Amino acid sequence: MLTVDFSRFPLAPGDRVLDLGCGAGRHAFECYRRGAQVVALDQNGEEIREVAKWFAAMKEAGEAPAGASATAMEGDALNLPFPDDSFDVVIISEVMEHIPDDKGVLAEMVRVLRPGGRIAVTVPRYGPEKVCWALSDAYHEVEGGHIRIYRGDELLGKMREAGLEPYGTHHAHGLHSPYWWLKCAFGVDNDKALPVQAYHKLLVWDIMKKPLATRLAERALNPVIGKSFVVYATKPHLPEAPAAAEADEPAAAPATKTAGPAAGKPRKSARPAAAKAPTKSPAKRGASSTAKPSAGAAK
């Protein structure tokens, strides 16, 4: 189940993608299928080992096109082991609500994203998340749990402060909010409650079969109670640097009257230099996006 909408956030074959806090790898797998060069990074070593196994299985099954590559690695979202401008695309899905220093994470993502590159950020939506917090302390008061609820304008503001330019937003997983409300009402660890079991079966059926009825229902519910808030942004190109002005010095004035030419006027030829062309997936773990109640997907 994807939170990022790749029809609004298109990838090109060969794009270098960082899935930061990849969790179980759902977005990393999709990027790999689309021909990207993917790095899936998470602080949770157990999840990274599972993601690596799935990458290998996908390669063996021929699910990824020629030229695609995939690497799974452990890492710290606040200290990424990559040079500046390493990636064309960065995805961070359901992670930032777990990390105390969310501005530090944004700064690291901007650092490793090339100028002109794109980023997708998803977090739990304010309204549905407030309901979960009101119904259950256990939903968020756990080790590595959610430490904040973002308002949409707050997240957009932090992204702009980090130097990004948001260009689109939407909400996702409208069918999943009622599931988490039921979980919180009956106990987040109580999977035997009949309403929770029944709704879980509905979600699994929807994910596997994608029937038209539930697709239309979710489309109608997303703007109202969508579980996730999704933002797409770009990292601006560096400002154009003006070239040094080239000007002729005026000729020295003669000491006496002669028949020589008059002093020439300076020639201005300064022209802006062309912009450099850009080259061409948390307690929580600090960098992981799953295994907590707010991942947005049915467990």
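Identify, please: which residue in region 113-147 is at pLDDT 95 or above, of a type outside the set (Val, Ile, Thr) and open to solvent by 30 Å² or more (accessible area, probe 1.4 Å) and is, among those, nearest to the chain's Cα centre (by Cα)?
Filtering region 113-147 for residues that are at pLDDT 95 or above, of a type outside the set (Val, Ile, Thr) and open to solvent by 30 Å² or more (accessible area, probe 1.4 Å), the one nearest to the chain's Cα centre (by Cα) comes out as 118.
Can you find, within region 174-232, the residue that is surrounded by the most Cβ atoms within 10 Å (Cβ to Cβ) among those that are over 19 Å from residue 2 (Cα atoms) and in contact with a Cys (Cβ under 7 Å, 6 or more places away or on another chain)?
Only one residue tops the list, namely 184.
Yes or no, residue by residue, for (1) under 30 Å from residue 139 (Cβ atoms); (2) open to solvent by less than 60 Å² (accessible area, probe 1.4 Å):
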{"position": "4", "(1), (2)": "yes, yes"}
{"position": "13", "(1), (2)": "no, no"}
{"position": "29", "(1), (2)": "yes, yes"}
{"position": "37", "(1), (2)": "no, no"}
{"position": "43", "(1), (2)": "yes, no"}
{"position": "48", "(1), (2)": "yes, yes"}
{"position": "83", "(1), (2)": "no, no"}
{"position": "96", "(1), (2)": "yes, yes"}
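Scan region 15-27 for residues that are farther than 20 Å from residue 79 by Cβ and buried (at least 24 other Cβ atoms within 10 Å of the Cβ) and report the count.
2
Could you please find all residues in region 70-81 being surrounded by 17 or more Cβ atoms within 10 Å (Cβ to Cβ) and in a strand (DSSP E or B)?
Of everything in region 70-81, those that are surrounded by 17 or more Cβ atoms within 10 Å (Cβ to Cβ) and in a strand (DSSP E or B) turn out to be 70, 72.
Here is a check on your reading of the model: is residue 67 crowded, with 16+ Cβ neighbours inside 10 Å and either in contact with a strand residue (DSSP E or B) (Cβ under 9 Å, 6 or more places away or on another chain) or in a helix (DSSP H, G or I) (or both)?
For residue 67, the condition - crowded, with 16+ Cβ neighbours inside 10 Å and either in contact with a strand residue (DSSP E or B) (Cβ under 9 Å, 6 or more places away or on another chain) or in a helix (DSSP H, G or I) (or both) - is not met.
Residue-by-condition table, conditions (1) in a strand (DSSP E or B); (2) of a type in the set (S, T, N, Q):
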position	(1), (2)
104	no, no
107	no, no
122	yes, yes
166	yes, no
185	no, no
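The values are calculated or read from the model by the stated rules, or taken from the named source; none is laboratory data. Given the structure is predicted, the values throughout are model-derived calculations rather than measurements. Backbone-built Cβ (ideal geometry, glycine too); neighbour counts: all protein chains shown. Surface areas here come from the heavy atoms of the whole protein model, side chains and all, with no ligands, DNA or RNA. Shrake-Rupley method; radii C 1.70, N 1.55, O 1.52, S 1.80 Å.
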